[in-house]
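Asker: I am attaching a structure below and will ask some questions about it afterwards.
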Amino acid sequence: MGIPVKLQVFEGPLDLLLHLIDKNKIDIYDIPIVEITSQYMEYIEAMEQSDLNVMSEFLLMAATLLDIKCRMLLPKEVNEDGEEEDPRQELVEQLLQYKMYKYMSYELKDRQVDSERIMYRKQDIPDEVADYVEPVDLDELLSGLTLGRLQSIFQDVMRKQTDKIDQIRSRFGKIEKEEVTVSEKLTQVEEYAIKHKQFSFRELITKQRSRIQIVVTFLAILEMMKSGQIVIEQEQPFDDILITSRMGKER
């Protein structure tokens, strides 16, 4: 008759690896991969799990351990900086991260247990106390009040209300956004160039109603100059810009 052995239930393969590391008092940064792999395989063989999804996670870690074990037997690889790569490095990082989250879960569990021991007492103020309103003696409150004093109080209140008003922004009117696109303005300027053939830039912008209209008109002029629809001339710096239309001609 065999001796029944009760195995500890582990939440996953990393949990099992941490258990083996703590059990053997191993430095997590220098894992003896051969010893850990052997013990890990013994646990896998002794586990009785009908859930294939759970077993697949443990078997995947077993394959990873065997892969690391094989790579440890081969000559060490060298990275771009000329340093030797440790095949265990990625596994160590996973274990450290899992260990951090595991201890964080313990801390949260302890806080939950502590919070369950705290009892709160509901508010039980008597109705007569909650409804109590301190009486006001109007004679005492209005004693010494004159028309001059009342006017002074009124002026102080109005002055405080005036101080709350932004003296600059309060004078702003309603700002309406003017929608204008370069393509629309380009069509307008092309029609203007076909009719006038030659005109000045100053003449064109004086017909615009706003600053954004002037900016979009300037962009349209640049686009027409780029495509060869117009020719721009300026004899001296800061002189008026003369625009000649080439619409309909060979560019």
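Asker: Among Leu219, Val34, Met119, which residue has its Cα positioned farthest towards the positive end of the charge dipole of the chain, with +1 placed on the Cβ of Lys and Arg, -1 on the Cβ of Asp and Glu, and the dipole taken about the Cα centre?
Answerer: Leu219
Asker: Given the convex hull of the Cα atoms of the stretch 182-245, what is a quarter of its surface area in nm²?
Answerer: Details: hull surface 16.4 nm².
Taking the Cα atoms of the stretch 182-245, their convex hull projects to 4.1 nm² on average.
Asker: Would you order Ser200, Ser115, Ser227 from fewest to most other beta-carbon atoms within 10 Å of each residue's own beta-carbon?
Answerer: Going from sparsest to densest Cβ surroundings: Ser115, Ser227, Ser200.
Asker: Now, a different point. Specify which residue in the list Ile232, Thr206, His196 is farthest towards the positive end of the charge dipole of the stretch 182-245, using unit charges on the beta carbon of Lys, Arg (+1) and Asp, Glu (-1), about the Cα centre.
Answerer: Final value for the positive-end residue is Thr206.
Asker: For each of Met61, Met41, count neighbouring Cβ atoms within 10 Å of the residue's Cβ, then give the residues from fewest to most.
Answerer: Met41, Met61
Asker: Can you list the GluC sites (Glu not before Pro) in the stretch 178-213 that are in a DSSP coil and have 13 or fewer other beta carbons within 10 angstrom?
Answerer: Here the sparse-neighbourhood loop sites are Glu178, Glu179.
Asker: Rg to Rh for the chain: what is it, with Cα atoms only and Rh by Kirkwood?
Answerer: Rounded to two decimals, Rg over Rh is 1.40.
Computed from the coordinates by the stated procedures, all read-outs in this text should not be read as laboratory data. Given the structure is predicted, the values throughout are model-derived calculations rather than measurements. When we count neighbours, we look across all protein chains shown, and the Cβ atoms used for this are built from the backbone with ideal geometry, even at glycine.
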